[in-house]
Each structure stands twice: as structure tokens, then as C-alpha cells.
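All remarks here apply to the structure that follows.
Rule-based calculations on the coordinates, nothing more; no lab input. Just so it is clear, the structure is predicted and the values come from calculations on it, not from any experiment. Heads up, the Cβs are rebuilt from the backbone with ideal geometry, glycines too, and the neighbour counts pull from every protein chain shown.
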Amino acid sequence: MSAILYYVHDPMCSWCWGYRPAFQRLKDQLPAGVEIRCVLGGLAPDSDQPMPEEMQQMLQLTWRRITSQLGTEFNHEFWIQCQPRRSTYPACRAVLAAKKQGQEYAMTEAIQQAYYLRAMNPSDYQTHARLAAELGLDVARFMTDITGAEVDALLQKDIEHAAALGVSGFPSLVLEVEGQRWPIAVAYQNELTTLNDIKDKLKWANAKSVMKGWFAKKS
């Protein structure tokens, strides 16, 4: 039975960075027929304004909490070396521009590492251009795409899709089988919890499909 597992995320979501190892392991163990589709939720729209000090402090505390709970590494020099902005749409567009060159996952990881480990500002297009070059992308094409109307429309479509999936936070997982959708548990440390949830939903959907076929034959 074919199914879609939607992964709703934002490359500047620190909990998505914390979830990355478990998600990688989950992808390696998914049942056959389950297709992963990434959806960019878009945490914060475009802004040239510096991030308020109160929000900076809150995010730094969040980073420390994630490290305490999950062991995730963060480079706190970011808060000293960069002028942070509450603007994640540029990073989301970078992922979509890279996707046009077949490097969606690679750019997502590159942005996360740039932000959380390399103290580079993920809200700046200069950062994305550098990452595109490091990934071996066609940088001229990438920069045209990242600032173009097509990629912006794709981002708005993803944001609307995330809302239609009923997602209220990132990261989130939603399983779709034959038009029916279920929220799936996001387990940050034990991907087997998530995997078992997916398998249970697939079994239920398969049993429902069998019963539907049986009743159709009887009618």
C-alpha cells in the first residue's frame, strides 16, 4: 500500500535540528511504499529588523534546553558574531531553489550546519550563495531562483499545505493513505516510537481497504 509521510519543518527551527538524527534513522527504516515529502512551514516572514533582545535570550535558552535533552550541538558564538533577524523565509526559499537542482536535503542540512555550528546568518542571501557554491550548485541560477516569483509562490504553497495538514508546530509528521491523514508521533530520541505509529496506521488503513473491497464484492 502506497503512502505519503509529510515532514513539515523549517531549516531555522532549532527543534528540527535536534530531531535530525532521529529523522535520518527513521527514513532508513520506513516500510516499502512510504514516500517522504518535505513541506516548508515558514516560521517567520521576511524582515530586515534586528531580532528583539528578549527573543534572542529565549532562543538561546531553547538551544541549551535542546542540548540538555538531546545532546544536540550548538555554536553559541552565533549570537556574538551575527546580527540575528526573525526571518526564516529566505532560508526556506534557499531550500526550494536548491530543490530545483536536486539538492533539497543537502541545502537543508547545509543551512542548519551554517546556523547552528558555523555561526553564519541563515537569514542572509549571501550565506545561501556561499552554501550553494560549496554544494556545487549553479550559483547564478540558484540566486536567480531564490529571488524569483516562482520560488516565492512555491513557498507560499508549502505554507498553505502545512496549514491544511493541521500542523501547528515544527517538526511535524503527517501520514496520508488513500486520502486519509493522521498526525504521527515525533520521537526525538527513539525513532522506533514513530516507526511503530506509522506501521499501526498502515495496518489500520490496509484492513479498512480490505473490508471496503469485501463489501464492494458483496454488493
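Given a Förster radius of 41 Å and the C-beta distance between ALA32 and GLN60 as r, what FRET efficiency does 1/(1 + (r/R0)^6) yield to the nearest 0.05? Mind showing how you got there, number by number?
Values: r = 42 Å, r/R0 = 1.03.
Once rounded, the FRET efficiency stands at 0.45.
Shape class of segment 1-69 from the alpha-carbon gyration tensor: oblate, with a/c at 1.5 or above and b/c at least as large as a/b.
Against the chain, whose longest principal axis is taken from its Cα atoms, helix 191-218 shows a tilt of about 40°.
Note on the chain: helix-only mean residue ellipticity at 222 nm, from DSSP H runs of 4+ residues weighted -39500 (n - 2.57) and normalised by residue number, equals -18000 deg cm²/dmol. Among the GluC sites (Glu not before Pro) found in segment 146-211, those both in a DSSP coil and sparsely packed, with 15 or fewer other Cβ atoms within 10 Å of their Cβ, are GLU178. Annotated for the chain: lysine pairs at least 8 residues apart or interchain, Cα distance under 21 Å, count 12. When peptides 62-73, 104-115 are ranked by their average number of other Cβ atoms within 10 Å per residue, the highest-first order is 104-115, 62-73. Rounded to the nearest Hz, the phi-derived 3J(HN,Hα) couplings of segment 17-27 under the Karplus curve 6.51 cos²θ - 1.76 cosθ + 1.60 (θ = phi - 60°) are 5, x, 7, 3, x, 5, 5, 4, 5, 4, 4, where x marks glycine and proline. Give the residue from PRO50, LEU96, TYR7 lying farthest towards the positive end of the charge dipole for the chain; charges sit on Cβ (+1 for Lys and Arg, -1 for Asp and Glu) and the dipole is referred to the Cα centre. Working it through, the farthest residue towards the positive pole turns out to be TYR7.
For segment 1-71 versus segment 139-164, the spacing of their alpha-carbon centroids is 18 Å. The mean sequence separation of alpha-carbon pairs under 8 Å and at least six residues apart, normalised by the residue count of the chain, gives a relative contact order of 29 percent.
When every Cα-Cα distance of the chain is counted in 5 angstrom steps from zero, the calculated P(r) takes the values 1, 7, 14, 17, 17, 16, 12, 7, 4, 2, 2, 1, 0, 0, 0 percent.
Relative to the Cα centre, the charge distribution of the chain, modelled as +1 at Lys and Arg Cβ and -1 at Asp and Glu Cβ, gives a dipole magnitude of about 1020 debye. With angles folded into 0 to 90 degrees, how steeply does helix 149-164 sit against the dominant principal axis of the chain? Use alpha carbons for both and round to 10. Tilt of helix 149-164: around 50 degrees. Annotation: extensible slack from ASP200 through GLU77 equals 39.9 nm (criterion: 0.36 nm per residue apart, minus Cα-Cα distance). What shape does segment 49-178 take by its C-alpha gyration tensor, where a ≥ b ≥ c are the square roots of the eigenvalues and a/c under 1.5 counts as rounded, a/b above b/c as prolate, and the rest as oblate? Verdict is oblate for segment 49-178. Would you look at the GNM of the chain, springs on alpha carbons closer than 10 Å, and say which of TRP204, TRP15, TRP182 moves the most? With Cα springs under 10 Å in the chain, the top fluctuation among TRP204, TRP15, TRP182 is at TRP204.
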